[in-house]
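Have a look at this one.
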Amino acid sequence: MNPAPLADPAIVAFARRILAARQSRYEEFPDVDFADAEWGILLDLFIAAEEGKNVSLSSLVISAAVPKTTALRAVNELVANGHLTREQDPRDGRRSHAFLTPKMHERLYHLVRRLMAASMPNED
């Protein structure tokens with residue numbers, strides 16, 4: 001189950017821009033392995049949690065923009081480290097969903113907020 005939303009719409013929009021920028025690296029440099037599946041997975045789940053949406057494991061693997069085995073390994077590590085939970089879909093036992101833990105959700109909120117603040121022009 002998703003944690004309760006924390007962010008205002010501007011922070012969610014900024015997280016979406018970070019994710020889009022990450023994905024554009026793969027389009028521009030298809031021959032370079034940026035090796036940060038975890039970051040994409042965490043951002044994707046943060047945005048989904050803020051929007052009250054569930055993300056299936058298969059969708060998460062596709063959006064990670066890395067080989068399937070790499071994405072699954074990243075998900076498994078994040079689950080093992082207590083950052084994500086994985087739950088079976090009650091309507092379709094063949095499918096499972098990944099969710100941020102409340103603690104990871106809060107940590108990501110604070111990080112995205114700091115990144116957003118750092119990207120704003122200094123008005124001194």
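Here is a check on your reading of the model: is ALA65 closer than 19 Å to MET1 by Cα, of a type outside the set (Val, Ile, Thr) and touching a residue at least 12 places away in the same chain (Cβ under 8 Å)?
Spelling it out, it is not the case that ALA65 is closer than 19 Å to MET1 by Cα, of a type outside the set (Val, Ile, Thr) and touching a residue at least 12 places away in the same chain (Cβ under 8 Å).
In addition: Just to be sure, is ALA71 out of contact with any Lys or Arg (no Cβ under 7 Å at 6 or more places or on another chain) and either modelled with pLDDT of 85 or more or surrounded by 15 or more Cβ atoms within 10 Å (Cβ to Cβ) (or both)?
Against the criterion (out of contact with any Lys or Arg (no Cβ under 7 Å at 6 or more places or on another chain) and either modelled with pLDDT of 85 or more or surrounded by 15 or more Cβ atoms within 10 Å (Cβ to Cβ) (or both)), ALA71 qualifies.
Filter region 73-106 for residues that are assigned to a helix (DSSP H, G or I), hydrophobic (A, V, I, L, M, F, W, C) and within 16 Å of LEU43 (Cα to Cα) and give the result.
ALA74, VAL75, LEU78, VAL79, MET104
A further question follows. Confirm whether SER63 is of a type in the set (S, T, N, Q) and modelled with pLDDT under 90.
yes
Which residues, taken from region 61-72, are outside any helix (DSSP H, G or I) and among the aliphatic types (A, V, I, L, M)?
ALA64, ALA65, VAL66
Within region 6-15, how many residues turn out to be at pLDDT 75 or above and over 14 Å from the mean Cα position of the chain (by Cα)?
Going through region 6-15 one residue at a time, the tally reaches 3.
Please verify whether LEU43 is under 21 Å from SER119 (Cα atoms), touching a residue at least 60 places away in the same chain (Cβ under 8 Å), out of contact with any Gly (no Cβ under 7 Å at 6 or more places or on another chain) and not in a helix (DSSP H, G or I), treating the condition exactly as stated.
No: the conditions fail for LEU43.
The values are calculated or read from the model by the stated rules, or taken from the named source; none is laboratory data. Only a predicted model underlies this, so the values are computations on that prediction, with no experimental measurement involved. Note that we place each Cβ from the backbone using ideal geometry, even for glycine, and neighbour counts take in every protein chain shown.
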